[in-house]
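I have placed the structure first, in the form of structure tokens, so that the comments after it can refer back to it.
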Amino acid sequence: MAIKTGRTSEAGRPVIDTGKCTNCGLCAAICPTQTLVADNGAIRVDPDTGFGCIGCGQCMAICPPGAVAVTGRELSPADVLKLPPVAERATADQLKALMLARRSIRHFTDREIEPDVVERMLAMASTAPIGIPPSDVGVLVFNGRARVQELAADTAELMAGTLKFFQPWRLSLMRPLIGPVDFPLLTGFVLPLCREVLANRAAGRDVLLYDAPLALLFYSGPGSDVLDSHIVATYTMLAGEALGLGSCMIGSVTPFIERDKKLKAKYGIDPKAKLSTLLIFGYPKYKFSHALSRTFAEVRQWQG
Ligand SMILES: Cc1cc2nc3c(=O)[nH]c(=O)nc-3n(C[C@H](O)[C@H](O)[C@H](O)COP(=O)(O)O)c2cc1C
């Protein structure tokens, strides 16, 4: 059996090189689908168990002599990389420092973003975990202020259309249809946001994408989990921070594009793709002097 995703319907095909295998059992111990089984001390491939090989690659990554080769599901032995030595990995304190120093950045210098910086950032983000490999996450890169502004203008046009549609008379007619949860969201946030964005645009200010030199739009292919793209976006933010870029997550663009087939088509996004979020990046214009402490709404210990 194979789990079908947007990119594949085949199972991975693990092969054990018996000449190299020491029968240590590590691959079988960590295989999440029991495709690799330790059988009387020898490793056996059982392609028919559970979900079949999902192509997570963990068996290749854990095998000390490199005796496991998995092909299929967009994976191959060429994907096995040298493990970064412990001394080269960020410590918890270093990672915390990076996280504390990150702020949402809405003011950028004139400097454009070098394409190799975008490439490095996305290569770092591609290490993100995936619900079911291979990743169905897509990223649309708007590099350069003119391209980002085209997206801002397209979104503003959709916002203007939203305001035009939700005239007061239509709003009161539709109130029961919209429901008690969405109505206050629409009237208390979405419509005021549209007005704010459009009024500022008319005054020459971009409070939607903040004149950023780079925007990345994250989405998940049809039938896949949009959570994967949220996770990739978060990884990308932190990667950008490590590369000296400032970023801001923009939640107010994707809900408009999501509903607009024409714009999805213009940007070459599958009409059934699920848009996750948009990130803007640039070199920060201002430096923050302090970090901030935050709390969750709650953290509870389940006592059973
Ligand atoms: C899901 C999400 C959506 C957001 N959407 C917007 C947005 O549309 N416009 C904006 O200016 N900031 C947006 N932000 C940035 C937040 O307002 C920002 O995280 C918050 O002000 C806290 O600042 P900090 O990131 O510096 O801690 C968003 C952040 C998140 C996580």
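Looking only at Cα atoms, what is the convex hull volume of segment 13-79 per residue, in Å³?
Normalising the Cα hull of segment 13-79 by residue number yields 73 Å³.
Any idea what diffusion coefficient the chain gets from Stokes-Einstein, in µm²/s, Kirkwood Rh on alpha carbon pairs, 25 °C, 0.890 mPa s?
Calculated translational D: 109 µm²/s.
Short version: what are the Cα gyration tensor semi-axes of segment 179-303, square root of 5 times each eigenvalue, largest first, in whole Å?
24, 22, 20
Find the Cα radius of gyration of segment 173-215, compare it with 2.2 N^0.38 Å by division, and give the number to two decimals.
1.54
Rounded to the nearest Å, what's the spacing between the alpha carbon centres of segment 1-47 and segment 147-181? Just the number, please.
Cα centres, segment 1-47 to segment 147-181: 51 Å.
At 7 Å along Cα-to-Cβ for each site, give me the label-to-label distance between GLU150 and PHE165 in nm.
2.4
Go through 283-290, 152-159, 260-267, 118-125 and give me the packing order, highest mean Cβ count within 10 Å leading.
Going from most to least packed, we get 152-159, 118-125, 260-267, 283-290.
Mean separation of Cα pairs under 8 Å and 6+ residues apart, divided by the residue count of the chain: what relative contact order is that in percent?
RCO, the chain: 20 percent.
Let me check the size of segment 59-135 from its C-alpha atoms; what are the radius of gyration and Dmax in Å?
17.3, 51
Compute the helix-to-body angle for 191-202: its Cα long axis versus the longest principal axis of the chain, expressed 0 to 90° and rounded to tens.
Relative to the chain, helix 191-202 is tipped by roughly 70 degrees.
For a bin width of 5 Å, list the pair-distance distribution of segment 86-189 built from all Cα-Cα distances, rounded to whole %.
Going from the shortest bin to the longest, the percentages are 2, 8, 10, 12, 12, 13, 13, 12, 8, 6, 2, 1, 0.
Can you give the extra length, in nm with one decimal, that the chain gains between THR71 and ALA38 once fully stretched, where that is 0.36 nm per residue apart less the Cα-Cα distance?
9.9 nm
With everything on Cα atoms, drop me the angle between helix 92-101 and the longest principal axis of the chain, reported from 0 to 90° to the nearest 10.
Taking the Cα atoms of the chain, the angle to 92-101 is about 10 degrees.
Cα to Cα, under 30 Å, and not fewer than 8 places away if on the same chain: which lysines meet these conditions relative to LYS82?
LYS4, LYS20, LYS96
With angles folded into 0 to 90 degrees, how steeply does helix 115-125 sit against the dominant principal axis of the chain? Use alpha carbons for both and round to 10.
It is inclined by approximately 60 degrees.
Just order 269-282, 30-43, 134-147 by mean Cβ neighbour count inside 10 Å, highest at the front, would you?
So the order, starting with the most tightly packed, is 269-282, 134-147, 30-43.
So how strong a dipole does segment 13-79 carry about its Cα centre when Lys and Arg Cβ are +1 and Asp and Glu Cβ are -1, to the nearest 20 debye?
80
Throughout, read-outs are computed from the coordinates displayed, never taken from laboratory work. Predicted, not measured: the structure shown is a model, and the values here were computed from it. Note that each Cβ is placed from the backbone with ideal geometry, even for glycine, and that neighbours are counted across all protein chains shown.
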